[in-house]
Amino acid sequence: MKLKINFYAGILFIIMLFLSCAGIDKDEKAKLNYRNNRHSFALTFPETWKNYVVFEKQDIIAPGFMVDTLYFALPTRARNWQPFNVPDNFAAIFSIRVFSLEVWDDFYKKYRDNSVFFSRSDKVLFRSRDYVYVLKYGVSLPVDLYSYSKDTEPIVSSFLYTGRK
């Protein structure tokens, strides 16, 4: 009888182990489908980005212009890396600035020809009735994250506006 109980307890343990592992896999896959309800957009990341973190800040991007910026960053092992706008041990691969239409129109009119504030590599991802989403590439990356920069285009190509049009 005791042997039977141990046998069933072992089977139950193995089943619970498999179920818990499946849950972890589901959570990781769900994280790869990023959704930002506040700013009404979604992105899809490749599996190699499973450790990404999003840091959201209000940035002063030019005199008189403050916008919400989301930094999509990965942890770095580079010891001498000095991050900009993200915590230590992270590097922002790219960021998305979220402008209200009014702020975007003023910023664009004032700085479109000024490479200090408006980089030619900046890319408008989407313009809704309320917001303009602008992609900014990371200025520099630590050596251990160079290979991740090639993933930026497929990620931003997956940009999906989830708000009202």
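The values are calculated or read from the model by the stated rules, or taken from the named source; none is laboratory data. The structure presented is a predicted model; accordingly, all values stated were derived computationally and were not measured. Here Cβ is always computed from backbone atoms with ideal geometry, including for glycine, and neighbour counts include all displayed protein chains.
So here's what we get for this one:
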| quantity | calculated |
| --- | --- |
| Failed item in (1) surrounded by fewer than 13 Cβ atoms within 10 Å (Cβ to Cβ); (2) of a type in the set (A, V, I, L, M, F, W, C); (3) free of Cβ contacts under 8 Å to residues at least 40 places away in the same chain, with V143 passing the rest | (3) |
| Members of region 127-160 that are among the aliphatic types (A, V, I, L, M), assigned to a helix (DSSP H, G or I) and under 21 Å from F41 (Cα atoms) | I155, V156 |
| Any hit, region 82-98, residues being assigned to a loop (DSSP other than H, G, I, E, B), aliphatic (A, V, I, L, M) and within 17 Å of the chain's Cα centre (by Cα) | yes |
| Total residues in region 52-75, condition at pLDDT below 95 and not in a strand (DSSP E or B) | 2 |
| Those residues of region 102-126 which are in a strand (DSSP E or B) and either touching a residue at least 12 places away in the same chain (Cβ under 8 Å) or not assigned by TED's automatic domain parsing to the domain that holds E153 (or both), in sequence order | K123, L125, F126 |
